[in-house]
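K.L.:
Structure below; questions to follow.
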Amino acid sequence: MKPRFNRHIELFDERGLDRDTILTLRLMIGGVAGGVVWGNITTGVAISGYIKQLGASDFLYGLIMALPPLANAFQLLASYVLERTCKRVRMLLTFGLIQRLIWIPFGLIPFLMPMSSIALKIWAAVVMVLVSSVSGPFINVAFYSICTDVIPLRIRGRYFAVRSRISTIVGMAFGFMIGALLDALPGFTGYAVVFTIAGLAGCLDILSYVPMRLPPMHAPDVKTGMAQMMKPVFSDRRYMRMVMALTAWMFSVQIVAPYFNVYMLENMRMTNFEITVASQIVNNLFLVLAVSRWGMALDSYGNRPVLMVGAFLTSFTPMIWALIGPRMVWAVALVNVLGGATYVPIDLGAQNLFMAQSKGENRSMYIALYFFFTQLVGLALGSAVGGWLLDNVMYRVEAYHLVFLGTPISRYNVLFILSGILRFLTVFFLLPGIHEDGAASAGDLANDMTRAVRRYARDVRISMRRRSIHKRLNQQRQEGIHIDIDE
């Protein structure tokens, strides 16, 4: 009788976990690969080029990009429905499939209404993005309700780091294909193909929750109205201080985030494939290389210091963008090295903070209010303000034809600088107000990182010196020269 082998690769620390929990955690890692393909297409260069080709202005483009976070006004309703029904898997599947499948007709708008006016096509795009966006809050509260019950706190940092790394690798592989497809199939045909891929890949992510065996969600002992559910969250000053600080951070980022792709397309004249490689692929590659170390740092030092150090380093990226001129593709790749390696701890740290600090029977309301403020005020308002500034204020800069270090100063360059200033202000004045029990200080983490970099640099110098000596000795032996070296 042949022996049975039940061994498998451990993606995370499985000690003490039952089989159902291990299966659920592994399915959540596998399913997110489809989700990242959907996310990269629906938030990357594809949607930027598509919306602009439909005829939208910068301000209208900013409003469309603001719809997903703007729809987080429905977070409170989603939390209320979840607490009342306790059917989180059904909620996730229903709204998840709606959110993902709507992108297939979205990409077919120019073919479904070929003779229609530009305004009608843009309105059709707005309606479909809105349908997708409104589904998001219901998915968020269901997903994070599952996470808080299933993922043990002791491995949460490393688990999300592994999940992020695997999904990013898949995203990079598809990124090459998407960039090549958009260049090989110019016009609306290419966009129709990639948005169809997005819809199908996104469905795979949602359907991965079907075979999961999840613990039942416990209903509150006493069912209360929405106002009573919100009251303890607003009374939790520590939690709300964290929410406000992270909202300000996201505003400082989102005021410029949607316009990097527009800048590369219109000002730098880069192709879709160049943007995909220099921006998305490079960013994701260095995210993969750095995410495991950030995950270990989260579990060792705490979420607050990791988030603060990552935010400080990431604040330099828009300043570098302000110096990038036409056809400087290498500079785009360089700034995405920094962005990819330093933004992931902010995402992971913020995610772990609000999950760890949400408590009580109505835990989903904590999650809902976090997304309500960070997405509605931080992301939606940030996108809209950025677009309004570009169309109504910063365009005046271009009339002066300014040049700095050989780079023409456009309205986008000014917006990059503003984003950098707002990020630094948030890092120094708001993020320090976040509290986390048992966490180390950001200074301790920064000092340890500095010492690690110095040790690495010293080891590199020693290795290079040894190679130089060995190379010189080998060359001298080949020439028949004998030299005694006392090293």
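K.L.:
Taking every pair of Cα atoms in the chain, average 1/r, invert it to obtain the Kirkwood radius, and report Rg/Rh to two decimals. If you can, show how the numbers build up before the last one.
P.N.:
Details: Rg = 24.7 Å, Rh = 24.4 Å.
Here the Rg-to-Rh quotient is 1.01.
K.L.:
Of the peptides 267-273, 452-458, how do they stack up when ordered by the mean number of other Cβ atoms within 10 Å, highest first?
P.N.:
Values: 267-273: 18.1, 452-458: 10.1.
Packing order, densest peptide first, comes out as 267-273, 452-458.
K.L.:
A follow-up question, please. If you take the square roots of the eigenvalues of the alpha-carbon gyration tensor of the range 156-218 and sort them as a ≥ b ≥ c, do you get rounded (a/c under 1.5), prolate (a/b over b/c) or oblate? If you can, show how the numbers build up before the last one.
P.N.:
Details: a/c = 4.53, a/b = 1.88, b/c = 2.41.
Oblate.
K.L.:
Place the peptides 227-240, 157-170 in order of packing, highest mean first, counting for every residue the other Cβ atoms within 10 Å and averaging per peptide.
P.N.:
Details: 227-240: 15.1, 157-170: 22.1.
Going by the mean number of other Cβ atoms within 10 Å, highest first, we get 157-170, 227-240.
K.L.:
What Kirkwood radius, in Å to one decimal, follows from the Cα pairs of the range 441-480? Write down the numbers at each step before the final one.
P.N.:
On the way: mean 1/r = 0.0815 Å⁻¹.
Across the range 441-480, the inverse of the average 1/r is 12.3 Å.
K.L.:
In debye, nearest 20, what is the charge dipole magnitude of the chain about its Cα centre with +1 on Lys and Arg Cβ and -1 on Asp and Glu Cβ, if you could check? Don't skip to the end; give the middle numbers.
P.N.:
Numbers: 44 positive and 28 negative charges, 158 e Å.
Its charge dipole is roughly 760 debye.
K.L.:
What is the packing order of peptides 314-325, 424-435, 342-353, taking the mean over residues of other C-beta atoms within 10 Å and listing the highest first?
P.N.:
Numbers: 314-325: 20.6, 424-435: 16.5, 342-353: 23.8.
Going from most to least packed, we get 342-353, 314-325, 424-435.
K.L.:
Count the lysine pairs in the chain whose Cα atoms lie under 24 Å apart, taking only pairs 8 or more positions apart in sequence or on different chains. Show your work: numbers first, answer last.
P.N.:
Details: LYS52/LYS121; LYS87/LYS223; LYS87/LYS231; LYS87/LYS359; LYS223/LYS231; LYS223/LYS359; LYS231/LYS359.
Summing the qualifying lysine pairs gives 7.
K.L.:
So what is the relative contact order of the chain, in percent, for Cα pairs below 8 Å that sit 6 or more residues apart?
P.N.:
Working: 683 pairs, mean separation 119.2, N = 487.
Relative CO of the chain lands at 24 percent.
Here, each number is a calculation from the coordinates, and none is a lab measurement. What you are looking at is a predicted structure, and each value in this text was computed from that prediction instead of being measured. We place every Cβ from the backbone using ideal geometry, glycine too, and count neighbours over all the protein chains shown.
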